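Reading through the structure tokens given below for one structure.
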Amino acid sequence: MNVAILGYGVVGSGVAEVISKNADIIKKNSNVSLSLSHILDIRDFENCPFQDIMTKDFYDILNDSKVDIVVETMGGVSPAFEFVSACLKAGKHVVTSNKELVAVKGYELLEIARKKDVNFLFEAAVGGGIPIIRPISRCLAGNRISEVAGILNGTSNFILTKMITENMDFDVALRLAQEKGYAEKDPTADVEGFDALRKICILASLCFGNHVYPNGVYTEGISKITLEDVDFASSCDCVIKLIAKAKKMDDGKISLTVSPCLVKNESMLAGVNGVFNACLVRGDAVGDVVLYGQGAGKLATASAVVGDVIDCACNTKERKFFGWDEGKDDLLADYLDEEISLYVRATVESMENAVAEIAHTLGEVSFLKREKQAFDEIAFLTPAMKERELRKILAKLPLSVISTIRTVDY
């Protein structure tokens, strides 16, 4: 099978490397032979081992009837969408690692693939090297999935891990992540939650059957998390993680958020550290299943891409049953209507009066303590109730709120 690659960046070069280096094991394990025919990139690469198949003209790939499978690793929505849709319309199978493309244009591309009877696969777009799409769509196909959640961004998880285990300030941990190549020069997509947002939208679309678009989803990053928050979380046997989660509500709507959360130390997600990711799926038959591994990286992501390429090569005569329906205007629930418990940190003028008023108003409150706690600093965990009501109550209490963090029950 002839394979063309769009984009020779980190992931694209990794895909080329895996296909060429592991051709024998691919043949042995799948009984298919993969051959690289074109690599598209507008840049020049000195000493590139694939120099003889490099091209700067997309039409060299589109118009070549011998190209069976196209791998898109360019990133972004445009021109990736135009290139991928053109390839699908030309009857070529497409594999992508582009999370933004799938989150924004997934339904359209799946529809084109369905009409042209070809495959559009994107295992690497969510978990990097972690198999997530296949287990959900196949192994867990007999379950009614009520919730999917996870630590879906390695950069933010690395930063939080350093804050938790080494008492490192956010800014220092971010610089270290950049020095190690885990964070971009502009880290906004990672630390403000947008990368995790795109991934959870794809998972929610797959689990719940309708396209979930990123716009309108509540998204909060980790840039405001402090070491004081980390200490208070530790005092109640919790750690802070950036959690992307989607939950099917009783009325059929989906509550979807990306935000820092307090996670109990006993949770399977609490021990996911460094640049590692984990995805938890909650099914009615299987219970909680957690998939864990490297969520990014050249060869880890390339591994997932090549897995999809092999899947396409093994199913060239039929389209895999895979995808979701169009999005709906009223699909998303208001996240403020979900029942949660909040961690609250604030300053007060009178500690005695504040404690009494908080306990009287909220009822069962767990007050937290930490070393070197400021004399006017208070922190507590609220009872569970609709977040909208909690926010209203907090606004009326005699305290100046510094931070609030959601809790989860995973």
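The values are calculated or read from the model by the stated rules, or taken from the named source; none is laboratory data. Being a predicted model, the structure only gives us computed values, none of them experimental. Cβ: placed from backbone, ideal geometry, glycine included. Neighbour counts: every protein chain shown. These area figures cover heavy atoms from the full protein model, side chains too; ligands, DNA and RNA do not enter into them. Shrake-Rupley method; radii C 1.70, N 1.55, O 1.52, S 1.80 Å.
Among DSSP bridges having both ends in the chain, what percentage is antiparallel? Round to the nearest 5. Mind dumping the intermediate values first?
Working: 44 of 67 bridges.
Percentage antiparallel, nearest 5: 65.
What do you get for trypsin sites (Lys or Arg not before Pro) in the range 41-90 restricted to DSSP loop and a cutoff of at most 16 other Cβ within 10 Å of the site's Cβ? All intermediate terms of the calculation are to be shown ahead of the outcome.
Values: sites: Arg43, Lys56, Lys66, Lys89; in loops: Arg43, Lys56, Lys66.
Those that pass, being in a loop and sparsely packed, are Arg43, Lys56, Lys66.
Taking 7 Å along the Cα-to-C-beta vector as the label spot, tell me the Glu371-Asp52 distance in nanometres, rounded to one decimal.
About 6.4 nm separates the two model spin labels.
Roughly speaking, to the nearest percent, how much of the range 1-72's 1.4 Å accessible area is carbon and sulfur? Walk me through the intermediate numbers first.
On the way: 1820 of 3800 Å².
Carbon-and-sulfur percentage of accessible area, whole number: 48.
Taking the chain as the reference, fit the longest principal axis to its C-alpha atoms, fit the long axis of helix 99-116 to the helix C-alpha atoms, and give the angle between the two in degrees, 0 to 90, nearest 10.
Once rounded, the angle reads 40 degrees.
Relative to the longest principal axis of the chain, what angle (0 to 90°, nearest 10) does the C-alpha long axis of helix 298-314 take?
It is inclined by approximately 50 degrees.
What FRET efficiency, computed as 1/(1 + (r/R0)^6) with R0 = 51 Å and r the Cβ-Cβ distance, is obtained for His360 and Glu17, rounded to the nearest 0.05? Spell out each step's value before the answer.
Details: r = 64 Å, r/R0 = 1.25.
Given R0 = 51 Å and the Cβ-Cβ separation, E is 0.20.
Val32 label point, 7 Å along Cα→Cβ, cut-off 15 Å on backbone N: hits in the range 101-118?
Residues 118 fall inside that zone.
Tell me which of Ile136, Thr55, Phe81 sits at the most positive position along the dipole axis of the range 1-140, charges placed on C-beta atoms (Lys, Arg +1; Asp, Glu -1).
Ranked along the dipole, the leading option is Ile136.
Take the alpha carbon atoms of the range 133-170, find their center, do the same for the range 176-255, and report the distance between the two centers in whole angstrom.
9
Just Ser37, Ser223, Ser350 to compare: in a GNM of the chain, with alpha carbon springs under 10 Å, which one fluctuates most?
Ser350
When we measure straight from the Cα of Lys253, which aspartates and glutamates land under 16 angstrom away, once same-chain ones fewer than 8 places off are left out?
Cross-link targets: Glu147, Asp325, Glu326, Asp329, Asp330, Asp334, Asp337, Glu338, Glu339.
Distance cut-off 19 Å, Cα to Cα: go down the list Lys199/Lys264; Lys245/Lys386; Lys27/Lys92; Lys199/Lys245; Lys162/Lys241; Lys116/Lys317 and report the pairs above it. Let's see the in-between values first.
On the way: Lys199/Lys264 23 Å; Lys245/Lys386 17 Å; Lys27/Lys92 21 Å; Lys199/Lys245 10 Å; Lys162/Lys241 12 Å; Lys116/Lys317 12 Å.
Checking Cα-Cα distances, Lys199/Lys264; Lys27/Lys92 exceed 19 Å.
Would you work out if the range 164-227 is rounded, prolate or oblate? Take a ≥ b ≥ c from the square roots of the eigenvalues of the alpha-carbon gyration tensor; rounded if a/c is under 1.5, else prolate when a/b is larger than b/c, oblate otherwise. Before the final figure, lay out the partial values.
On the way: a/c = 2.76, a/b = 2.29, b/c = 1.20.
In terms of gyration-tensor shape, prolate.
Under a point-charge model restricted to the Cβ atoms of Lys and Arg (+1) and Asp and Glu (-1), what is the dipole moment magnitude of the chain relative to its Cα centre, in debye to the nearest 20?
On the way: 45 positive and 58 negative charges, 222 e Å.
Dipole about the Cα centre, nearest 20: 1060 debye.
Can you give me the angle between helix 10-21 and the longest principal axis of the chain, using Cα atoms only, in degrees from 0 to 90, rounded to the nearest 10?
Roughly 50 degrees between the two axes.
Pop the C-beta distance of Met385 and Arg144 into the FRET formula with R0 = 30 Å and round what comes out to the nearest 0.05.
Details: r = 26 Å, r/R0 = 0.88.
That pair, Met385 with Arg144, gives E of 0.70.
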